[in-house]
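The values are calculated or read from the model by the stated rules, or taken from the named source; none is laboratory data. This one's a predicted model, so the numbers in the text were calculated from it and none came from an experiment. Note: ideal-geometry Cβ built from the backbone for every residue, glycine included; neighbour counts use all protein chains shown.
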Amino acid sequence: MLELQNLCFEVSGDAEKHKEIIKDINLTFGDHAFIAITGPNGGGKSTLAKLIMGIERPTSGRILYNGTDITEMNISERANLGISFAFQQPVRFKGIKVKDLITLAAGNKVKLAGACDYLSKVGLCARDYINRDVDGSLSGGELKRIEIATIIARNTPLSVFDEPEAGIDLWSFNNLIQVFEEMHKESENSLIIISHQERILNIADEIIVLKDGTLQARGRREEILPELLKGTEGCKFYQ
């Protein structure tokens with residue numbers, strides 16, 4: 001279980017002005033949850049994801065994971081506790097091959113055939129990618145799918161995805177939807193996905209709406225999604 005208690009985050013601007021990005025957020029994420037976080041651009045969604053992973057530290061408030069206060073823990077410590085994170089723009093690793101990255105993600109307990117299976121799950125031909133370097137020779141979409149393969153290989157209790165649809169083609173996106181559905185169906189792990197995409201929102205169990213750093217709504221998909229589909233002018237969450 002993940003708990004965000006009175007979470008706030010602000011940054012310093014010009015002339016010592018401070019800008020609040022996250023404003024007193026209180027949220028609880030249960031086990032085996034599939035939650036999509038959406039809302040207007042600049043609403044604080046990606047910042048919230050980075051706070052959960054420890055990429056950013058809150059100005060105030062606490063983050064608890066399975067009852068443990070992880071507020072001051074770094075990324076590695078949170079990863080060791082069982083939290084995975086997929087970046088909106090995946091990281092490139094010069095000198096590391098795809099098979100090595102997946103093996104590391106799986107904790108060195110996967111053989112070559114297993115690594116190939118993870119690549120196949122995200123729609124990549126293992127023969128073409130298993131020995132590729134994770135560097136600039138790969139497109140953004142290829143990197144995104146390889147990153148998601150490593151998340152599947154880690155198989156942690158909680159995985160956070162920051163706009164996984166960014167920079168990938170339609171075919172890859174369709175495959176991605178299936179990947180998320182299978183991840184949720186085949187394990188007891190929890191998924192938190194930051195997304196604007198209707199098709200991702202439509203497979204989540206719950207939807208959270210953030211606007212201007214505040215919680216606008218939270219509810220079952222069937223309660224929240226119809227309101228979101230009205231468009232920005234008609235949707236009360238965007239007004």
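Side notes on the structure shown:
- Counting only strands (runs of 3 or more DSSP E) that fall entirely inside region 11-72 and contain at least 3 residues that are more than 19 Å from the chain's Cα centre (by Cα), the qualifying elements are 18-29, 60-65.
- Pairs where the first residue, in region 48-70, is surrounded by fewer than 20 Cβ atoms within 10 Å (Cβ to Cβ) and the second is in a loop (DSSP other than H, G, I, E, B) and among the aliphatic types (A, V, I, L, M), C-beta under 9 Å, 6+ apart: 62/70; 64/1; 64/70; 66/1; 67/1
- Failed item, numbered, when residue 120 is tested on (1) without any contact (Cβ under 8 Å) to a residue 12 or more places away in the chain; (2) surrounded by 22 or more Cβ atoms within 10 Å (Cβ to Cβ): (2)
- Counted residues, region 134-149 - those being outside any helix (DSSP H, G or I) and modelled with pLDDT of 85 or more: 1
- Within region 73-83, being surrounded by 14 or more Cβ atoms within 10 Å (Cβ to Cβ) and either part of a loop (DSSP other than H, G, I, E, B) or of a type in the set (D, E, K, R) (or both) holds for 73, 78, 82.
- Odd one out for residue 176, checked against (1) touching a residue at least 60 places away in the same chain (Cβ under 8 Å); (2) within 21 Å of residue 87 (Cβ to Cβ); (3) not polar (S, T, N, Q): (1)
- Any hit, region 106-126, residues being in contact with a Cys (Cβ under 6 Å, 6 or more places away or on another chain) and not aromatic (Phe, Trp, Tyr): yes
- Of the residues making up region 198-233, those that are closer than 18 Å to residue 48 by Cα and in a helix (DSSP H, G or I) number 1.
- Considering region 181-215, the residues that are surrounded by 19 or more Cβ atoms within 10 Å (Cβ to Cβ) and hydroxyl-bearing (Ser, Thr, Tyr) include one that is farthest from residue 151 (Cα to Cα), namely 195.
- In region 62-100, residue modelled with the highest pLDDT [restricted to those that are aromatic (Phe, Trp, Tyr) and under 27 Å from residue 133 (Cα atoms)]: 85
- Residue list for region 100-116, filter: crowded, with 16+ Cβ neighbours inside 10 Å and over 22 Å from the mean Cα position of the chain (by Cα): 100, 110, 116
- The number of residues in region 150-180 being among the small types (Gly, Ala, Ser), part of a helix (DSSP H, G or I) and either at positive phi or modelled with pLDDT of 80 or more (or both) comes to 1.
- Selection status of residue 12, more than 21 Å from residue 189 (Cβ to Cβ) and either exposed (fewer than 14 other Cβ atoms within 10 Å of the Cβ) or small (Gly, Ala, Ser) (or both): yes
- Candidate set: region 216-231, residues that are buried (at least 17 other Cβ atoms within 10 Å of the Cβ) and touching an Asp or Glu at 6+ places or on another chain (Cβ under 9 Å); chosen: the one farthest from residue 155 (Cα to Cα): 228
- Annotation: residue 131 fulfils all but one of (1) in contact with a strand residue (DSSP E or B) (Cβ under 8 Å, 6 or more places away or on another chain); (2) buried (at least 17 other Cβ atoms within 10 Å of the Cβ); (3) in a loop (DSSP other than H, G, I, E, B); the unmet one is (2).
- Some residue of region 109-128 being part of a strand (DSSP E or B) and more than 30 Å from residue 1 (Cα to Cα): no
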